[in-house]
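The values are calculated or read from the model by the stated rules, or taken from the named source; none is laboratory data. Here the structure is a predicted model, which means the values were calculated and not measured. Neighbour counts are summed over all protein chains in view; Cβ atoms, including those assigned to glycine, are modelled from backbone coordinates with ideal geometry.
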C-alpha cells in the first residue's frame, strides 16, 4: 500500500516543495521541505519527543518521505512507539507506515501484533474497525496466526461497522493464506454474516464471499446459497448501499432457483433495481432478470412485462458517460442476440453522434445492424450513408460493410443497399470504393443474377484497388461473370502481370478466375490459362497455390467436362445472419452480463487468469412445472431467422466451392458460411465449409456417416471386441516397502458411464490388515470415491484382494500438475499411506461426447488457430476404420471422415467429465504408420493427457 | 476488486498511484500508453484494456486519466462508476479536480482514497459520510486549525450515516433558514439532417436539488403530469414502491446538493426542437469556399433562447475562415480546425446569421463532405418536455421550509448535419 507521487525526471524534492508552496501556503507540501543532513536522525529525535503535536508532525514527515519513495524503515521501532495514542489521525498514519514496511521487516512487524490485539478490544468501534482493517493488509505470514482470535471476535462484534470491516478482512486473509481461513472456520462465520441484521454487513459478507469463490472453488460447498439465504439477500438488497447491491445481485445471479415460481418472485424483487442511478446496479439487475427469464414459460404474460421493463434502463445507460456507454453497448449486443424483441423499437438511440468516441461508434454500428429489419431499413440506410462520409477511416469502412450486411439480412432492401453502395463508389474515395467492392461481392453471392448490371461500374474502379481483399473480390467477380464482361481476359491479364507480388489470396483467386474464364471462353484464352498455371505450379513457393494449380491442370487435361462441372458448379448461397455468437457461448455470456467476459464476448475461463473456478455458468433450464408438451428449453422467441432451405449445396457444388471461394481472411463471407446456430433439420445445411473440411463435407453433411454405428455393426459380425474400452495394465502405486507391507496396485477404467478405480491390495506384512479406507486430495477433475471402500474381511498375510471403486466427479476441484495427477491416501489398521497416480485421460471421456456435425464445424472455427496443437503418434498398425472403432469404444467419436489424395482424415470429438470439449483431427497416410493428431480445445491444458490417451488407445 | 489506481496527466506522467492490495508497478501503465498512442484523440482510448495478467479500466475527465487495475473478474461498470465517483469526490473537496489541486492536497487525497476503498471494496463513498470522516480543506478549517493549534482533518467518531438505513444523510443537521430548491434541467440530444428533418430527438432530464433542511425531513414531490416520466433512474433515497403505485417521489433527502432523479424521454415520443438553421456550405475547387448559416426559432414556446453558440469542426484541409456575424463573436482555432461562433441571445425579429469565405490549403483535394454543426443554447423557465412540479410536502419536521422550483432547457448533443 502506498500513495506515491512520481516526480518528473530531474525534479528533486525541494523544488517540488517550493513550487507547491508558491501556489498555496497551507498545503501538505510543507512536509517535503527537508534539511540536507541527518534527516533520519532528526526525525528519530522528534518521534521520541514528549510532546504529542511534535510527534504527530514527525510521523507526518515520515509518511511524506515514504510516499516519495525514501527509505525510512530505520525508524520502524520509533514510529511503532507512537501507536499508543488515542489520536485517531496519528494512529492511522502509524498504521499506514506499518502496512508499508511490515513486509520488508517481518520481525519488527511482530512487535505490532500486541497493538492490534489491544486495538481490536478498544472501546471505540472506529479504532476496532481500523485495527481489523489494517491487520488484513499486513501480508506477513508469521503474524497471521496471532490475528485469528482478534478477527474472530470482530466478526461477532456488537457494532455492525466492525463486523462489516471484519467480513472484508476474511477475504484479505484468504488471499494470503486460504488454508488457514478454511481451517479456522472463518468461512462458516462469514456465511453466518449473510443473515446479519444489518444490510451493510450482509453486503460486505457477500462481497468477501464472491472474492473468495473467485479463487477457491473448494469454498463452494461451505458457501453454497440456498433459497433461504437468497431471501435474506433480497431483503438486504433494498437497504444496502449501491455497491453492496451490485455484490448481492451478482451473488443472486449465480443461484439456480428451484422452480419457475421462485425465479419469477426473484425477478419481481429485482426489477426495481433497474431504475437505479448507478449503472453497475442496473446492469447486474439486467443479468439476473435475463438469466431467470429462461426459467419462465416462454410466452407467459410475465415475460412480456419483463421485456417491456428491460428496454428503458438499457436505453438510459446510453446517456451516461462514454466509458459506461461502451460497457453497456457490449452487453446490449448480447441482449439483442438473445432476445431481439427487447430493443426492437429502440433503433434510434443507437444512431451515432459525430463526437461519440470511436469505441462507442463502432459498437453502436454493430447493434444497429442486429436490429435492422424491414420496418426500419430505410432509416438505417440513410444513417449508414451519412456515416460513410465521416472522417474516421475505420468507422467509414465498417459503415460500408454494414450496408452490405443490411442487404444480405433484409432481402427486400437489397436493391436500395446496392444503389447506396453505388453512390458511395461514385465518391471515388479510395477506401470506400474498396470496401464497397468487397461487400458487393458478398451481395452477388447472396442474390446471384440480380445485380450484375452494375459490374461495368465496378470495373471502372479496377485501377484504384490496392488492398488484397478488394482486389481478390474484384477478380472473383470478373471470373464469376466472365461471360458478361467482354474484356474479362484483358482485365485478368492486367492483374497477371504482377502475379508474383500479389498476396496469396489474390493469387488463388486469379488462378481460379482465369480457369473459369477459360472454361467459359476456351477459344481465346488458352494462352492466359497456360500462363497462370505455369506461374502457379512452377514459379510459386506457396503449396496451396501449387496444389490448386495442379488440380486444375489435371482436371483440365484429363476431363474438361468434369472440370467444367467442378469449377463452374453452382455456388451455395451465403446465409444472412453473419456473425452471431455461437448459441452455447451466447448463453454462457448472458450469465456473465456486466462482467469482463461480457465486454470481451469470451467465456470467463478463456481469459481470466487464475480463475480456478471450473464452474461454467449456464442458463437454467426451463422449469418443468409448465405443461408437459412444452417443456423443452425453447429457443428464444424470434430466433434470428433460421436459414431456410435456400442453402442447399449439392456434393458437386461443394467441390466447386473448395476450388473457388477463398476470399478468406476477415471477410464476412467466410463467417457467413457457417451459420452457427444448429437450427435446421436438413442434413445438407451449412454452406461450403471447405476451408475446414473441404470435400469431407459430403460425408459430413449429407447422407449417413460411413463410420460409427454402421461399422460397429460390422464389427459385431466379425467378432471384433466391440465396446471394450481400453484399460491400462495395473501398476504398482504403493510398493510394500513404503506401505509397511501393504502393496497397492491399480489402474483406472470406465464402465457404464462411471470412472472405476481398479485396486489390488496385497498384504506382504506379517499381520492381518483391516479397516481400509481411502481418500483423495482435491484434484483437477473433482474425482472422489462415490462410496467408501468396503473390504469385508481382514486381509491376511500373503493374500491379496481386488476391489473396484466407483468414482464420482463431484468432488472439490484444484488444478494439479500434471493435470491428471491424483493424490490418494489409504488407511488401514497399521497406518495412513500416501501415494499419487495418474488418471489416464480416456477414463474421463464421457459417453455423450459426440458433437453434432454442424456444432463441430462452428466450434472448430470458433476456437482460435493458436489453440491447435499437433502431435505425432508413431507406429500404429491399424487402418482408419478400426481406429474409429477403437476410439469410439473409448468415447472418442468420429464425426466425419474424408479422404484427401489417399490420406484419411478423421474428425473427432470428445468431452471430459468436467464439460471441456476437445476436437481432434487425425491424419492417416497410407503406408505410413505414423499418424498426425491435431487437437483443438478452449482449455489447452488437457492436450498432453489426451495425446497420451490417443497413444495408449491406438497402441493397444 | 480494484487493486490499484493510477492517475495520469495529459503529458503521460503517472503522477499519483494508490494500491489497495499488493503494489503493482506503474510500468503496467505502458499497456495503457500503447492504446493511447493508437487512439486518434484523448477521448478515444478504449475504457477496458486487457494485458497479460491484469485488466485496466479507465476514465478520462478534465484531461486526467484515472486508470484502475483489476486482476479478477469484476463488473467493469462497477469500477468505471467508482472511478467517476472518486473524481466527483475530489471535485467536491477541492472544487476542481486537476493535477495541481491533487498534488496540493496529497495527504487528503490519500486519506480519501484510503477511506473510500478497503481491499478494493467500496467502504465509505457517500460524500456526507466522507466529510464527517475527513474534513474538506477550506478557509474555515485553516482558521480553526490555526486558532486551536490542531490540524487534524480526521474525525475520531464513527460517522453516523455509515450504518443507518439512510446512509446518505447525516444526523443532527441544523439550519436557521430551511430551504429546498429543485432544478428541473432538460437536455435535448438531437440529430437534424441536411433537409432540416429530425433524425432523432430525445430528452435527458435531471432534477438536481439543493436541500438545507434541519433534522430528518421526509419529502414528497408530486408532478402535474407524471405520465411523461416512464424511464427514470432514482437516487437511492427515493422510495421506489411509492413511485410505482402513486407516481410521487417520496424520500428523505441527503443534505446539500444531489441529483434526485434522472429521466429519459425517448425518440418514440415527440420531442420539440426549439431551433432550426439554414445553411449553405460549399467548397470550390482551387480557391476555397463559402460558409453561411442562419439560426431561427422553431418551437420555443414563446421563451427567449439564450447562450447560443455554434461549433463547427472543419477538415484538416481548411486553412482559415473570414466571416461576418450579424451578432456575437466568432473564433477559428487553426490547429484543431474548429470554428466557434458565440451568438448569445436570439432576437426573433432579427435572426442571427454569419457568412463569409473559407480558404483551403492549396494542393489539397477539396473536402468530400460538409461538417456537422454542433449547437449549444439554453432556455430558462421551461422544461421542453412539459414536465411540471405540482407540490412539495414535508413530513417529520415541524418548521416551514422555503421551497423553490426552477426549470431550464439546454442543448445536449445537438447536431445539424450539413
field: Candidate set: region A:582-600, residues that are more than 14 Å from chain B (Cβ to nearest Cβ) and either within 9 Å of residue B:75 (Cα to Cα) or under 11 Å from the mean Cα position of the chain (by Cα) (or both); chosen: the one surrounded by the most Cβ atoms within 10 Å (Cβ to Cβ)
entry: A:585
task: Using the structure shown, decide if residue A:307 is within 26 Å of residue B:81 (Cα to Cα), free of Cβ contacts under 8 Å to residues at least 40 places away in the same chain and away from every other protein chain (no Cβ under 12 Å).
output: yes
- prompt: Of the residues A:916, A:895, which single one is farther than 24 Å from residue A:727 by Cβ and in contact with a helix residue (DSSP H, G or I) (Cβ under 9 Å, 6 or more places away or on another chain)?
  reply: A:895
query: Which one of these is within 11 Å of chain B (Cβ to nearest Cβ) and either over 29 Å from residue A:86 (Cβ atoms) or surrounded by fewer than 19 Cβ atoms within 10 Å (Cβ to Cβ) (or both): A:156, A:142, A:172, A:103?
result: A:103
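Listed here are the residues, each with its yes/no results for (1) facing chain A (nearest Cβ under 10 Å); (2) surrounded by 15 or more Cβ atoms within 10 Å (Cβ to Cβ).
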| site | (1), (2) |
| --- | --- |
| B:3 | no, yes |
| B:6 | yes, yes |
| B:37 | no, no |
| B:55 | yes, yes |
| B:65 | no, yes |
| B:73 | yes, yes |
| B:82 | yes, yes |
task: At least 3 residues that are modelled with pLDDT of 80 or more and closer than 21 Å to residue A:912 by Cα in each: list the strands (runs of 3 or more DSSP E) lying fully within region A:707-825 that qualify.
output: A:742-751, A:754-763, A:800-808
- prompt: Is there a residue being under 27 Å from the mean Cα position of the chain (by Cα), closer than 17 Å to residue B:77 by Cβ and within 11 Å of another protein chain (Cβ to nearest Cβ) anywhere in region A:258-273?
  reply: no
query: Can you list the strands (runs of 3 or more DSSP E) found entirely within region B:301-418 that contain at least 2 residues being closer than 24 Å to residue B:201 by Cβ, modelled with pLDDT of 90 or more and within 13 Å of another protein chain (Cβ to nearest Cβ)?
result: B:305-313, B:372-380, B:402-417
message: Please go through (1) modelled with pLDDT of 80 or more; (2) more than 26 Å from residue A:61 (Cβ to Cβ); (3) surrounded by 17 or more Cβ atoms within 10 Å (Cβ to Cβ); (4) more than 8 Å from chain A (Cβ to nearest Cβ) for residue B:159 and return the number of the only condition it doesn't satisfy.
response: (1)
query: modelled with pLDDT under 85, more than 14 Å from every other protein chain (Cβ to nearest Cβ) and buried (at least 21 other Cβ atoms within 10 Å of the Cβ) - does that describe any residue in region A:112-135?
result: yes
field: Residues located in region A:534-562, provided they are part of a helix (DSSP H, G or I), in contact (Cβ under 8 Å) with a residue 12 or more places away in the chain and within 44 Å of the chain's Cα centre (by Cα)
entry: A:535, A:536, A:537, A:544, A:545, A:548, A:549, A:550, A:551, A:552
query: Residue check: is residue B:14 over 20 Å from the mean Cα position of the chain (by Cα), at pLDDT 85 or above and away from chain A (no Cβ under 11 Å)?
result: no
query: Does residue A:458 satisfy being over 36 Å from the mean Cα position of the chain (by Cα), crowded, with 19+ Cβ neighbours inside 10 Å and within 12 Å of chain B (Cβ to nearest Cβ)?
result: no
Every residue from region A:362-392 that is at the interface with chain B (Cβ under 10 Å from one of its Cβ atoms) and surrounded by 21 or more Cβ atoms within 10 Å (Cβ to Cβ): A:383, A:388
message: Can you find a residue that is farther than 30 Å from residue B:317 by Cα, in a loop (DSSP other than H, G, I, E, B), facing chain B (nearest Cβ under 10 Å) and touching a strand residue (DSSP E or B) at 6+ places or on another chain (Cβ under 6 Å) anywhere in region A:314-334?
response: yes
query: Inside region A:895-905, can you point out the residues that are under 15 Å from residue A:928 (Cβ atoms) and assigned to a strand (DSSP E or B)?
result: A:899, A:900, A:903, A:904, A:905
task: Identify, from the list B:249, B:260, B:228, the residue that is surrounded by 16 or more Cβ atoms within 10 Å (Cβ to Cβ), within 14 Å of chain A (Cβ to nearest Cβ) and in contact with a helix residue (DSSP H, G or I) (Cβ under 7 Å, 6 or more places away or on another chain).
output: B:249
- request: Those residues that are farther than 15 Å from residue A:887 by Cα and part of a strand (DSSP E or B), I need them from region A:826-857; list them, please.
  value: A:826, A:827, A:832, A:833, A:834, A:835, A:836, A:837, A:838
- prompt: Name the residues in region A:913-948 that are within 22 Å of the chain's Cα centre (by Cα) and farther than 20 Å from residue A:864 by Cα, would you?
  reply: A:913, A:914, A:945
